[in-house]
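One structure is given below, encoded as C-alpha cells.
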Amino acid sequence: MNVIGLGGAGCSLAKHFEIYPQYKTYFIDTDKEGRENFFKVERQETHEDYEAAYKQINTQSIIGETTLITTGSGNISGILLRLLEQLKDHKLTVLYIRPDMSTAREDVVLRENMVFGVLQEYARSNLLSRLFVVSNAVAESVLDNVSIVDYWKNLNTIISSTYHMLNVFDNTEPLLSTLADPKETSRIATFGVVAFNNLDEKIFYDLQKPRLKKYFFGVTEKTLNEERDLLQKIRSYVKDKSEEKCTACFAIYSTDYEQNYAYVVQYASLIQEQNLDS
C-alpha cells in the first residue's frame, strides 16, 4: 500500500508509516526536510494561489491502493482537489486529520470546514473508497501523561499504529467472525482503540449517527487457551454496542504479540458537522 502525506501535518504522520514494510511512503510539501520520495510544491501566499499555481505531480511511481493523509487548515490544501483528480484511478482512501480549531483564526476555520465538507461529498459520491476522519483533540485522550515535547510524536504514533493494525487485520484470516461490510453509502468513517482488559473504548472522532461498528480483537495464544469465557464476553460487549439503525459486529484473530489488542471502526453515511458555525 502507498501512503502519501500532503502538507506539514500529513507528512509528519506519513513519516510514521516508514517503520512498517507494508507501505511505500511519499511526501508532498514545500520543503523536503530530508524526506525520500518527495514531491516539491512551490510555496504560495494563499489557498487559492496554491490551486492556481498547481503543476501536475509525476505520480507514475504510485501504483495500487493508496492512502492520502492531509488536513484542511494549511494553505497547501489548495492543491488537494487537483491531486485527487490525478489519483482518481487508484483505490484511494483519505485519512483526514482535523486539528483543534478552538484557538484558530476565523479564516483558518472556514478553510478547514470547506475542505472537510468537500472531501465528505467526494466520499459520498464514490470518488473515494473511504474517508477516515481523526480529530487531534479527541485522539489525544488516548495519550497518558505525555510531555509537550513528545506530544506530536506520541499522537502520530497512536494514529499510525492503529491504522496499520486495522490494515493488518483486514488482510488476515480471523478465527471467528461476524463482520459485515458497510453499505455503499457509508464511506465516512473513523476508528479507535479498545482497552482489552476493561473494554474501555476511545474513538478518534465523534462520528455522528454511525451505521456500522466493526470490532477487531487480536488475542494471544495464552489468552485463547486460558480464558474459556472470552467469546461470551466479546459477544456480550459487541451486542451492547448495537443501536437502532446501527449494527455492531466483530472478528477474533490469533496473534503472536505479547499482549492483547482491540480496535474499532465506525462507518456513517451522514455528512458530519453540517451545521457547524451556522
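Read-outs throughout are calculated quantities, based only on the coordinates presented, and are distinct from any laboratory measurement. Computed from a predicted model, the values in this text were never measured in an experiment. Cβ: placed from backbone, ideal geometry, glycine included. Neighbour counts: every protein chain shown.
Before we move on, is residue 66 within 24 Å of residue 91 (Cβ to Cβ) and touching a helix residue (DSSP H, G or I) at 6+ places or on another chain (Cβ under 7 Å)? Step through it out loud before you land on a result.
Working: within 24 Å of residue 91 (Cβ to Cβ): yes; touching a helix residue (DSSP H, G or I) at 6+ places or on another chain (Cβ under 7 Å): no.
The answer is no for residue 66.
Looking at 34, 74, can you tell me which residue is closer than 23 Å to residue 160 by Cα and loosely packed, with under 12 Cβ neighbours inside 10 Å?
Working: 74 fails: loosely packed, with under 12 Cβ neighbours inside 10 Å.
The match here is 34.
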Kindly establish whether residue 136 is surrounded by 16 or more Cβ atoms within 10 Å (Cβ to Cβ), in contact with a Pro (Cβ under 8 Å, 6 or more places away or on another chain) and not acidic (Asp, Glu).
yes
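Report yes if residue 108 is over 21 Å from residue 17 (Cβ atoms) and either among the small types (Gly, Ala, Ser) or surrounded by 15 or more Cβ atoms within 10 Å (Cβ to Cβ) (or both), otherwise no.
On the way: over 21 Å from residue 17 (Cβ atoms): yes; either among the small types (Gly, Ala, Ser) or surrounded by 15 or more Cβ atoms within 10 Å (Cβ to Cβ) (or both): yes.
Spelling it out, residue 108 is indeed over 21 Å from residue 17 (Cβ atoms) and either among the small types (Gly, Ala, Ser) or surrounded by 15 or more Cβ atoms within 10 Å (Cβ to Cβ) (or both).
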Being crowded, with 19+ Cβ neighbours inside 10 Å, charged (D, E, K, R) and assigned to a loop (DSSP other than H, G, I, E, B), is that true of even one residue in segment 223-246?
no
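Taking segment 159-173 only, how many residues are of a type in the set (A, V, I, L, M) and within 11 Å of the chain's Cα centre (by Cα)?
Of the residues in segment 159-173, the ones of a type in the set (A, V, I, L, M) are 159, 165-166, 168.
With the extra rule that they be within 11 Å of the chain's Cα centre (by Cα), the set shrinks to 159, 166.
Matching residues across segment 159-173 total 2.
Being among the charged types (D, E, K, R) and more than 23 Å from residue 117 (Cα to Cα) is the filter here; which residues of segment 141-189 pass it?
Scanning segment 141-189 gives 144, 150, 153, 170, 173, 181.
Can you say whether residue 18 is assigned to a helix (DSSP H, G or I) and without any contact (Cβ under 8 Å) to a residue 12 or more places away in the chain, as far as the supplied structure shows?
Working: assigned to a helix (DSSP H, G or I): yes; without any contact (Cβ under 8 Å) to a residue 12 or more places away in the chain: yes.
Yes, satisfied.
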Would you mind finding the one in 155, 119, 179, 131 that is outside any helix (DSSP H, G or I) and under 17 Å from the mean Cα position of the chain (by Cα)?
131
Residue match in segment 99-108 (condition: closer than 30 Å to residue 50 by Cβ, among the aliphatic types (A, V, I, L, M) and under 17 Å from the mean Cα position of the chain (by Cα))
no
